[in-house]
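The values are calculated or read from the model by the stated rules, or taken from the named source; none is laboratory data. Keep in mind that what you see is a predicted model, and the values were worked out from it rather than measured. Cβ: placed from backbone, ideal geometry, glycine included. Neighbour counts: every protein chain shown. Remember, those area values only see protein heavy atoms, side chains included, never the ligands or the DNA or RNA. Shrake-Rupley method; radii C 1.70, N 1.55, O 1.52, S 1.80 Å.
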Amino acid sequence: MTLLRTQRIARTILMFAVCAASALISSCDSMIYDDQGDCTVHYRVPFTYTHNILSADAFVSQVSAVTLYVFDSKGNLVLQKSDSGTTLAAGGYRMDVDLPAGIYDMIAWCTGTSPMPDPTAFKIGGGDTPASPSQLTATLPLKGETGDKYVNQDITPLFHGMIQGVECKESDYGYIDLPAIDLMKDTNVIKVILNNIDGTELNPDDFKMEITGTNSEMDYENNLVGDAPFSYLPWSISRLVTDKEENRAPVASGMMAELSMGRLMTDRQPRLKVTRCEDKTEIINLNLIQFFLLVKGHYQAHWSNQEYLDRLDEYSLTFFIDKDKNWYTAAGININSWHVVPPQEEDWSR
């Protein structure tokens, strides 16, 4: 074998070696990322809940079950997966999802835990295999007959999240975190307190309380749909006891009613109504959205009115009742610890 031929063979072997090494490296960088072991991809979807009044991630303390629906670019369901319990409680929760290359829309309906023994809950449409995103509605079961529908239970906390256009590439490999789904809470607790201004006993049976609304159904994008009216009734009514005078027995001079309701939106008009039972007179009839936004405050001024309502999930209203069991409007209202005195010349029942 001549020297020239030997050199040609050596160059050919070297060229094949370089090509093989380049192919191996470019395929999945396995020579560099030995800890990943192979070229498979492991996608994970992070979940957070920062869409609250503190803008802090409250996922661990608020969410106890998640269900994720993944649809391809044609609107076909490619994955449905649920998770709950201790897996969500560790912090930094990410759901493992097995997806081929493609572009996806992801919708999540999640729940928390009610402290009450018999809560009701929004029902998610479409079953385990919804044919399209539009089937993923959330509907609150109502009691009663047509024209007199109501709910009188606590509502299991409901959360919604959605991201669109998530891309999974053919070249992906290893562990990849997809864009996070930040949840929005769709349920609210309303506490209504009636206090007698002269400290005499106030009997809860003397009043009927309700919130009228039209927000019992949401679509897959979390928008309210439908406008059928119904009522939210208290699931808890308790007496508030105060010491009237030193060395005297305590007096139940107040009452607190607790109600739960669905998503509040600026284009809906839920109303709080308090009726005096003895003569069926409405002593309070207020547009809740109007009054809740009165105390939005400067710290939340950078949010739109709708975002403020979506971030706040608990409201407290205190009214003062006179000896004739009327609302003493001159004393105003305490809303979430803010004191508001409505103009006395205005009719707040409109």
- Message: If I ask for residues that are farther than 16 Å from H160 by Cα, small (G, A, S) and in a strand (DSSP E or B), which ones from region 99-118 would you list?
- Response: G102
- Message: Take the conditions touching a residue at least 60 places away in the same chain (Cβ under 8 Å) and not in a loop (DSSP other than H, G, I, E, B) and apply them to D96. Does it pass?
- Response: no
- State the number of residues belonging to region 170-185 that are among the aliphatic types (A, V, I, L, M) and open to solvent by 20 Å² or more (accessible area, probe 1.4 Å). 3
- Query: So which pairs qualify, if the first residue must be in region 58-81 and in contact (Cβ under 8 Å) with a residue 60 or more places away in the chain, the second must be part of a strand (DSSP E or B) and among the aromatic types (F, W, Y), the Cβ gap must be under 7 Å, and the two must be at least 6 apart or on different chains?
  - Reply: F59/F47; V63/F159; F71/Y104
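To keep it simple, each residue is scored yes or no on (1) under 22 Å from the mean Cα position of the chain (by Cα); (2) under 21 Å from T113 (Cβ atoms); (3) among the charged types (D, E, K, R); (4) surrounded by fewer than 16 Cβ atoms within 10 Å (Cβ to Cβ).
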{"residue": "D57", "(1), (2), (3), (4)": "yes, yes, yes, no"}
{"residue": "A65", "(1), (2), (3), (4)": "yes, yes, no, no"}
{"residue": "S84", "(1), (2), (3), (4)": "yes, yes, no, yes"}
{"residue": "A89", "(1), (2), (3), (4)": "yes, yes, no, yes"}
{"residue": "L99", "(1), (2), (3), (4)": "no, no, no, no"}
- Query: Can you tell me which residues in region 119-169 are open to solvent by 70 Å² or more (accessible area, probe 1.4 Å), without any contact (Cβ under 8 Å) to a residue 40 or more places away in the chain and in a strand (DSSP E or B)?
  - Reply: K123, K143
- Task: For S61, state whether it is at pLDDT 95 or above, closer than 30 Å to D105 by Cβ and open to solvent by 80 Å² or more (accessible area, probe 1.4 Å).
- Result: yes
- Top-ranked residue of region 301-334 - restricted to ones that are part of a loop (DSSP other than H, G, I, E, B) and in contact (Cβ under 8 Å) with a residue 60 or more places away in the chain, ranked as most open to solvent (accessible area, probe 1.4 Å): K323
- Query: Within region 64-79, is there a residue that is touching a Cys at 6+ places or on another chain (Cβ under 6 Å) and either farther than 17 Å from D313 by Cβ or not in a helix (DSSP H, G or I) (or both)?
  - Reply: yes
- Message: So, R276, is that one open to solvent by less than 30 Å² (accessible area, probe 1.4 Å), charged (D, E, K, R), at pLDDT 95 or above and more than 24 Å from A121 (Cα to Cα) or not?
- Response: yes
- Query: Which residues, taken from region 279-300, are part of a loop (DSSP other than H, G, I, E, B), surrounded by 13 or more Cβ atoms within 10 Å (Cβ to Cβ) and not aliphatic (A, V, I, L, M)?
  - Reply: K296, Q300
- Message: Condition first: farther than 26 Å from C277 by Cα and in contact with a Lys or Arg (Cβ under 7 Å, 6 or more places away or on another chain). Now tell me which residues in region 311-341 satisfy that.
- Response: D313
- For region 186-266, which strands (runs of 3 or more DSSP E) that fit wholly inside it have 1 or more residues that are open to solvent by less than 20 Å² (accessible area, probe 1.4 Å) and within 26 Å of K123 (Cβ to Cβ)? 188-196, 207-213, 230-232, 250-261
